[in-house]
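The values are calculated or read from the model by the stated rules, or taken from the named source; none is laboratory data. Remember, predicted model here, so these are calculated numbers, not experimental data. Please note: Cβ atoms are built from the backbone with ideal geometry, for glycine as well, and neighbour counts cover all protein chains shown. What goes into the accessible areas is simple: the full protein's heavy atoms, side chains included, and nothing from ligands, DNA or RNA. Shrake-Rupley method; radii C 1.70, N 1.55, O 1.52, S 1.80 Å.
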Amino acid sequence: MIHPSITTRFAPSPTGELHLGNARTALFNWLLAEHNGGRFLLRIEDSDAERSKPKFTKQIMEDLQWLGLSWDGEILAQSQRGAVYREALDKLERAGRVYPCYCTPLEIEVSRKLQLASGRPPRYAGTCRTLNDSERTAKLAEGRKPTLRFKVPDSGLIEFVDLVHGEQRFESADIGDFIVQRADGSAAFFFSNVLDDALSGVTTVLRGEDHLSNTSRQLLIATALELKVPTYGHLSLITAADGSPLSKRHGAKSLRELREQGYLPKALVNHLFRLGHSSDLHDLLDIQKLAVGFKPAHLVRSPARFDPVQLEVWQRQAVHALSSDEALAWMRPQLPDTLDSASAGAFASVFHQNLLLPSDAAYWVQVVFGEPPEHDAEGIKLIRCAGPAFFKAAAAAIRMHGTDWKAVTTAIREQTGRKGPELFKPLRQALTGRHDGPELARLLKIITAARAIARLERLSSAIA
RNA sequence: GCUCCUUUCGUCUAGAGGCCCAGGACAUAGCCCUCUCAAGGCUGUAACACGGGUUCGAAUCCCGUAAGGAGCGCCA
């Protein structure tokens, strides 16, 4: 590449659904690329054949698109890159930087337990590091399938500058020899991950902080292979409200679940933008504007808590920003199938600003198209206070003036002497069973005069 | 156990020795507007984890302690 403009990537493993943490990592990498007019790559790390599922790859792609994150070029799937890895592995072997290890998973497990029990770090003991040729053939003869381990230098310092955390240094002596190729011949994460980044010209990687101490391992590989390493920035984790890791137990939702509930991508993206990234931009912004405002220097080092209330704030704003057509499409699944498009459109336009999620429409569907609503204790009090004559007058006014709100309210006022809140509150309660909602003038039109009259008369006789 | 990361209002955060008896946003409380809710306007409550240093001066630097988290996998 002549001029290395920024290239970022998102490299999920298709072993599950995208969750908030993943989504934020993807978003930040996308934002960074977009901000600099660079490229954003998508790579599927499906090297774990057991756990990787094509279904998840598909879901991840859909979720990213839904968020508005498009990637450049072809998607790289690690499962298709065996030959590339083989070549680099050969190079390492020839250079004597790796060695075959014949220890079985069980043996390693036992060794780890032993080390932990005696208060030592659970590292690979180096058993196979010094095997000679005849010992190796013997192991092979036992039917053992070797892995390939990277020979970590016994001493030395590994230093790098993290985009978020600044200068980092790790002791090579603290790192055990790690596996770069599994017994089945496939490449392991530390290895394939750096290699692919270098090969695709990735310049900057924003990833979870859980990779911070592993970075030294990857740097070791990169150095051995003479690869150019990307600049890493390690994002602090997103935690639950109590500061513990976000997990299903805390009701952490996958992106898909949030989406199915009716959360808007704009709400998610605006919320995520401010989690672990500071900005003086406080308005609901579209993703392009967020890209303009995204600054790696403003990445925050400390963990951020996921606050569902804050997400709701963004959701409310995002819903308000919807056009009427968008609002209709958004809540349509909650509306009766039998509803004609004109009525559905009218409904959406009346209730658009009063809903947080499409499921909130259910109540209003009931109010508008269904049976008269139930009243709570407070509502009943309000109704009794107004008295049967009031509702009788209201019914008569609607019978006379239809849904002409101005005429209706004037008639009720003249008939009952009630005005202002005295007039509107009991009317709203009677018609909707609630004390909040859209303007009554619009509500009456959609409820229809006939239904409103029936409702008011029934109430009038019920409390008489 | 070892190594690493983190710690400012309820939440997200500003803050790189004096501009900070700590600023903003959201949430929250009150008021205004208003038929209600929302929106909008105004006002308020509310934080430097703790203990030692360094310094004329520390949220900011150093050392401890505590709490939370991560890594040490033939997971990524």
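General remarks:
- Accessible area expressed per residue, chain A, with surrounding protein chains retained (probe 1.4 Å, Å²): 50 Å²
- Packing, as the average of other Cβ atoms within 10 Å across residues, places the peptides A:287-293, A:27-33, A:91-97 in the order A:27-33, A:287-293, A:91-97, highest first.
- Cross-link partners of A:Lys91 among aspartates and glutamates (Cα-Cα below 20 Å; sequence separation of 8 or more within a chain): A:Asp133, A:Asp177, A:Asp184, A:Asp196, A:Asp197, A:Glu226
- Of the cross-linked pairs A:Lys419/A:Lys445; A:Lys425/A:Lys445; A:Lys392/A:Lys445; A:Lys392/A:Lys419; A:Lys139/A:Lys228, those separated by over 26 Å at the C-alpha level are A:Lys139/A:Lys228.
- For the peptides A:269-282, A:51-64, A:328-341, the ranking by mean Cβ contacts within 10 Å, running from highest to lowest, is A:269-282, A:51-64, A:328-341.
- Inter-centroid distance (Cα atoms) of the stretch A:370-411 relative to the stretch A:162-199, Å: 72 Å
- Alpha-carbon centroids, the stretch A:1-76 and the stretch A:274-352: separation in whole Å: 22 Å
- Across chain A, the volume of the C-alpha convex hull divided among the residues equals 200 Å³ per residue.
- Point-charge dipole on Cβ atoms (K/R +1, D/E -1) for the stretch A:82-235, about Cα centre, debye to 20: 420 debye
- Neighbourhood net charge (12 Å Cβ-Cβ; Lys/Arg +1, Asp/Glu -1) for A:Cys128: +3
- Dipole magnitude of chain A, debye to nearest 20 (Cβ charges: Lys/Arg +1, Asp/Glu -1, about Cα centre): 880 debye
- The calculated 222 nm mean residue ellipticity attributable to helices in chain A amounts to -14500 deg cm²/dmol, summing -39500 (n - 2.57) over DSSP H runs of n ≥ 4 and dividing by all residues.
- For the stretch A:377-463, size of Cβ-based charge dipole, Lys and Arg +1, Asp and Glu -1, in debye: 80 debye
- For chain A, Cys with no neighbouring Cys Cβ under 4.7 Å: A:Cys103, A:Cys385
- Per-residue packing, averaged as other Cβ atoms within 10 Å, sorts the ranges A:256-263, A:197-204 into the order A:197-204, A:256-263, beginning with the highest.
- Options A:Leu272, A:Pro296, A:Ala11, ranked by Cα towards positive dipole end of chain A, top entry (Cβ charges): A:Leu272
- Solvent-accessible area assigned to carbon and sulfur over the stretch A:377-463 amounts to 54 percent, based on a 1.4 Å probe.
- The residue among A:Leu281, A:Pro333, A:Ala346 whose Cα reaches farthest toward the positive pole of the charge dipole of the stretch A:272-350, with charges on the beta-carbon of Lys, Arg, Asp and Glu, is A:Leu281.
- Positive-end ranking of A:Leu199, A:Gly126, A:Ile179 along the dipole of the stretch A:82-235, with charges on Cβ about the Cα centre, is headed by A:Gly126.
- Ignoring aspartates and glutamates fewer than eight residues from A:Lys253 along the same chain, the ones with Cα atoms less than 17 angstrom from its Cα are A:Glu17, A:Glu62, A:Asp63, A:Asp242, A:Asp307, A:Glu312.
- Principal-axis tilt of helix A:341-351 within chain A, Cα atoms, nearest 10 degrees: 90 degrees
- Sulfur and carbon atoms: percent of accessible area, the stretch A:82-235 [1.4 Å]: 53 percent
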